[in-house]
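Notes for the one structure printed next.
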Amino acid sequence: MSMPLRRVVLVDDHDLFRAGVRSELGSTVEIVGEAASVLEAVPLIKELDPDVVLLDVHLPDGGGHAVIAQVAPDRPGVRFLALSVSDAAEDVIDVIRAGARGYVTKTISGAELTEAIHRTADGDAVFSPRLAGFVLDAFRSGDATSPDAELDQLTAREREVLQLIARGYKYKEIAARLHLSARTVESHVSAVLRKLQLSSRHELTRWAAERRLI
C-alpha cells in the first residue's frame, strides 16, 4: 500500500539546511512552505494548515515552543516535530512540554526523517533513541509537569544566553558562538534580567548556579 502524501512546513533559519532537507526527503513528503523565524512561521502555518511542521528549537526571535504556543490553539490538527542540532535535555523537554510530538537531531538520514514525518502525522511520538530517555526521566521526576516558574518565562535562546553569561563568556564571544550580533545578545541579556528581576551579571550567575544551570 502506498504511503499518503504529507504536507510539511519547514521552520529553520539556515537557508542551506532547508535546501538540504528538501533534497533528502522522499516523494511522499512535500514541503509546502518555509520560514526562518517565529514571526514568519506563525501566520504561514495557520494559512497552509500542514500535516506536520518540522521545527528548529532555536530561532532568531524565539524558541520553537513559541511557534507551537501561537499556532496550536488555532490549528489543533497540525503536528510538530522538532529537528535540531541540539541534543541538550533542556531543549528537548522545553519543546515537548510546549506540545511537539517528537524530537530528532540533524544527524538523521533522509529516509529516517521521511519515516519520522509520517509517524508524527499519524500521531506517534518520535524521538532519536538517546533523547527519549530525557523525556522519560523528566516525567518520572516531575520536571515536565512542575517546571521552574521563573525559568519557564525564558525562551530557549534566552536560556542559552543565560548559561553562557553565567559561565563567564563576554557578549562578543556569545555572539560568535550563537551566530548573533553583539547587540542582539545584549538585548537577550536585558530581557533575561528583566524577566528574572535581577540587576547584574553577578546576580544572574548566582541565580543560574543555584539552579545548576552552569
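The values are calculated or read from the model by the stated rules, or taken from the named source; none is laboratory data. What you see is a predicted model; the values in this text were computed from it and never measured. All Cβ positions, glycine included, derive from the backbone under ideal geometry; neighbour counts span all protein chains shown. Note: accessible area is taken over every heavy atom of the protein model, side chains too, but ligands, DNA and RNA are not part of it. Shrake-Rupley method; radii C 1.70, N 1.55, O 1.52, S 1.80 Å.
In this structure the amide hydrogen of G63, modeled in the peptide plane, comes within under 5 Å of the amide hydrogens of A156, R157, none closer than 5 places in sequence on its chain. Using θ = phi - 60° and the Karplus curve 6.51 cos²θ - 1.76 cosθ + 1.60, what whole-Hz ³J(HN,Hα) does each residue of segment 58-75 get, with Gly and Pro shown as x? Taking θ as phi minus 60°, the curve returns 10, 10, x, 10, x, x, x, 4, 5, 5, 4, 4, 8, 9, 3, x, 8, 10 Hz for segment 58-75.
Treating each Cα of segment 1-99 as an identical point scatterer and summing with the Debye formula, the log10 of I(q)/I(0) at q = 0.16, 0.19, 0.22, 0.25 Å⁻¹ comes to -0.63, -0.88, -1.16, -1.42.
A cut-off of 5 Å between modelled amide H atoms, ignoring neighbours fewer than 5 places along the same chain, links A82 with L55, R101, G102, Y103, V104. Rounded to the nearest 10 degrees, the angle from helix 129-141 to the longest Cα principal axis of the chain is 60 degrees. For segment 54-116, rounded, prolate or oblate, judged on the Cα gyration tensor with a ≥ b ≥ c (square roots of eigenvalues), a/c < 1.5 rounded, else prolate if a/b > b/c? Oblate, because a/c is 1.5 or more while a/b does not exceed b/c.
For segment 165-214, the square roots of the Cα gyration tensor eigenvalues, ordered a ≥ b ≥ c, give a/c of at least 1.5 with a/b no greater than b/c, which places it in the oblate category. Relative to the current alpha-carbon distance between A19 and S199, full extension at 0.36 nm per residue lengthens the span by 60.5 nm.
Among 91-97, 171-177, the peptide with the highest mean count of other Cβ atoms within 10 Å heads the list, and the full ranking is 91-97, 171-177. Full extension of the chain between A111 and I31 gives 27.3 nm of extra length, using 0.36 nm per residue less the Cα-Cα distance.
Using Cα-Cα distances under 8 Å and only pairs 6 or more residues apart, what relative contact order does the chain have, in percent? Before the final figure, lay out the partial values.
Values: 316 pairs, mean separation 33.4, N = 214.
Relative contact order here is 16 percent.
Between R183 and L5, the simple label model (points 7 Å from Cα in the Cβ direction) yields a spacing of 4.4 nm.
Relative to the longest principal axis of the Cα atoms of the chain, the long axis of helix 201-210 lies at roughly 60 degrees. Note that the chain presents 51 Å² accessible area per residue, ligands and nucleic acids not counted, probe 1.4 Å.
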